[in-house]
């Protein structure tokens, strides 16, 4: 870098209003008190004289103990007419929350049509995440999770580590397409 010094951290700023007069520090979740945050932020080059409209805090991730409370259709075991979806089920991430909402909607629509929609296979991202939420995870220490290859069912054959994710992805595509056809899921 021009200064000859390497940074210890990088702060990403994102425009936070239409006028471009407020910028958000991306991902600044902290337990620091507001005064300490301002003191620290003023040490960052370019922020010495900044006005802080809003300071960081910890976001609360409220979730239910899904493996204990929900069945494989995302229904409350004690009241089958109630379904849960999204972050409250214990999935992390916008895409994951949306995917679980989509799955809950597909299963609810199937039930209303008199069809039993099964979960996608655990070899797929959606099936693996649904499995984590609805019973594959240990309920006593259940924690929210993003989808990741560690949730997927293992491959049947031994595959070199460098090729494993590609093999799991290929298998997931085939298995998801088959599940969509078998369940007769249409837009």
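The values are calculated or read from the model by the stated rules, or taken from the named source; none is laboratory data. What you see is a predicted model, and the numbers here were worked out from it, not measured in a lab. A quick note on method: Cβ atoms are made from the backbone with ideal geometry, for glycine too, and the neighbour counts reach across all protein chains shown.
A few notes on this one:
- As for segment 53-76, it holds at least one residue that is more than 30 Å from residue 147 (Cα to Cα) and not assigned by TED's automatic domain parsing to the domain that holds residue 141.
- Residues that are within 16 Å of residue 70 (Cα to Cα) and in contact (Cβ under 8 Å) with a residue 12 or more places away in the chain do not occur anywhere in segment 167-187.
- Meets criteria (in contact with a helix residue (DSSP H, G or I) (Cβ under 9 Å, 6 or more places away or on another chain), more than 28 Å from residue 80 (Cβ to Cβ) and loosely packed, with under 15 Cβ neighbours inside 10 Å) for residue 165: yes
- Residue check, residue 31 free of Cβ contacts under 8 Å to residues at least 12 places away in the same chain, farther than 30 Å from residue 114 by Cβ and assigned to a loop (DSSP other than H, G, I, E, B): no
- Those residues of segment 15-25 which are more than 15 Å from residue 51 (Cβ to Cβ) and surrounded by 10 or more Cβ atoms within 10 Å (Cβ to Cβ), in sequence order: 15
- Residue under evaluation residue 179, criteria (1) over 17 Å from the mean Cα position of the chain (by Cα); (2) in a helix (DSSP H, G or I); (3) loosely packed, with under 11 Cβ neighbours inside 10 Å, criterion not met: (3)
- Close pairs from segment 77-90: first assigned by TED's automatic domain parsing to the domain that holds residue 135 and within 17 Å of residue 106 (Cβ to Cβ), partner modelled with pLDDT of 95 or more and part of a loop (DSSP other than H, G, I, E, B), Cβ under 6 Å, at least 6 apart: 83/74; 84/74
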